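Student: Structure provided below as structure tokens; questions to follow.
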Amino acid sequence: GIQVEQSPPDLILQEGANSTLRCNFSDSVNNLQWFHQNPWGQLINLFYIPSGTKQNGRLSATTVATERYSLLYISSSQTTDSGVYFCAVERDNQGGKLIFGQGTELSVKP
Amino acid sequence: DAGVIQSPRHEVTEMGQEVTLRCKPISGHDYLFWYRQTMMRGLELLIYFNNNVPIDDSGMPEDRFSAKMPNASFSTLKIQPSEPRDSAVYFCASIRGQGVYNEQFFGPGTRLTVL
């Protein structure tokens, strides 16, 4: 099956710093989503981004489908950004089945 | 919209007991997914439905697990009998359907502890 690898596995930042999280996938996909799992366990949709670039406030994401990777950028990080960031992909014609990476655990220190 | 609704939010039970988790998808969504999250295995898909029909249950760990979707607004995941290794957070998610835009939305999850 398709492999989804996220890096780095852990990241500690000082408040105000910028960061880039990476997601590599091993096969072509027709769906890619980034989620933030907050300390209370809620999975929050950040981006639906099978290709191209999107921005939402301090967050932005870019997916280069032909090279099988996606990047999530966090600028001017805040303590509320702490949590685990997941990348999830769906292969073509898989009925919406998402395969999740193992996540990047981010800790933003004040 | 209220989003995906799950109940209960927390469940503590003893080994051998039956556990039933419930999910209400977003209105108008015709796909529903059940996931399990553990430290060891991460987030894994258990089963999903399209128009109330189970499409792929290959992720269901064993016969002790069963899922139903009697109508478009309700699904259950049942574990009978429960075991300590079933302790996990169970998420339900839904999407509108295949097409140009397939963003999947998750419920708050049910944290299950089997003693």
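The values are calculated or read from the model by the stated rules, or taken from the named source; none is laboratory data. The structure presented is a predicted model; accordingly, all values stated were derived computationally and were not measured. Cβ: placed from backbone, ideal geometry, glycine included. Neighbour counts: every protein chain shown. Please note that ligands, DNA and RNA were not included when accessible areas were found on the heavy atoms of the full protein model with its side chains. Shrake-Rupley method; radii C 1.70, N 1.55, O 1.52, S 1.80 Å.
Student: Any residue that is touching a Phe, Trp or Tyr at 6+ places or on another chain (Cβ under 9 Å), open to solvent by 60 Å² or more (accessible area, probe 1.4 Å) and within 14 Å of another protein chain (Cβ to nearest Cβ) - is there at least one of those in region A:3-19?
Tutor: Yes, region A:3-19 has at least one match.
Student: Pull up region B:68-115, narrow it to residues that are surrounded by fewer than 21 Cβ atoms within 10 Å (Cβ to Cβ), among the hydrophobic types (A, V, I, L, M, F, W, C) and farther than 27 Å from A:Gln33 by Cα, then point me to the one that is nearest to the other protein chains (Cβ to nearest Cβ).
Tutor: That would be B:Val114.
Student: Count, please, the residues in region A:1-53 that happen to be part of a strand (DSSP E or B) and either small (Gly, Ala, Ser) or at positive phi (or both).
Tutor: Here is the first cut: in region A:1-53, the ones part of a strand (DSSP E or B) are A:4-7, A:10-14, A:19-25, A:29-37, A:43-48, A:52-53.
Now restrict to residues that are either small (Gly, Ala, Ser) or at positive phi (or both): A:7, A:19, A:52.
Number of matching residues: 3.
Student: Within region B:43-54, restricting attention to residues that are at the interface with chain A (Cβ under 9 Å from one of its Cβ atoms) and surrounded by 16 or more Cβ atoms within 10 Å (Cβ to Cβ), which residue is farthest from the chain's Cα centre (by Cα)? Give the steps one after another, and end with the answer.
Tutor: As a first pass, look at region B:43-54 and keep what is at the interface with chain A (Cβ under 9 Å from one of its Cβ atoms): B:43-45, B:48, B:50.
Pick out the ones that are also surrounded by 16 or more Cβ atoms within 10 Å (Cβ to Cβ) and you get B:43, B:45, B:48, B:50.
Values: B:Leu43: 12, B:Leu45: 9, B:Tyr48: 8, B:Asn50: 14 Å.
Out of the qualifying residues, it is B:Asn50.
Student: Can you name the residue in region B:25-35 that is under 14 Å from the mean Cα position of the chain (by Cα) and either within 11 Å of chain A (Cβ to nearest Cβ) or of a type in the set (Gly, Ala, Ser) (or both) and, of all such residues, is farthest from B:Thr76 (Cα to Cα)?
Tutor: Looking at the filtered set, the residue picked out is B:Tyr31.
Student: In region B:26-41, how many are part of a strand (DSSP E or B) and either surrounded by fewer than 15 Cβ atoms within 10 Å (Cβ to Cβ) or aromatic (Phe, Trp, Tyr) (or both)?
Tutor: From region B:26-41, those part of a strand (DSSP E or B) are B:31-38; that's our starting set.
Filter once more, so that each one left must be either surrounded by fewer than 15 Cβ atoms within 10 Å (Cβ to Cβ) or aromatic (Phe, Trp, Tyr) (or both): B:31, B:33-35, B:38.
Qualifying residue count for the region: 5.
Student: I've got another one for you. Answer yes or no: is there a residue in region B:66-75 that is modelled with pLDDT of 95 or more, in a loop (DSSP other than H, G, I, E, B) and touching a Leu at 6+ places or on another chain (Cβ under 9 Å).
Tutor: No, because not a single residue in region B:66-75 is modelled with pLDDT of 95 or more, in a loop (DSSP other than H, G, I, E, B) and touching a Leu at 6+ places or on another chain (Cβ under 9 Å).
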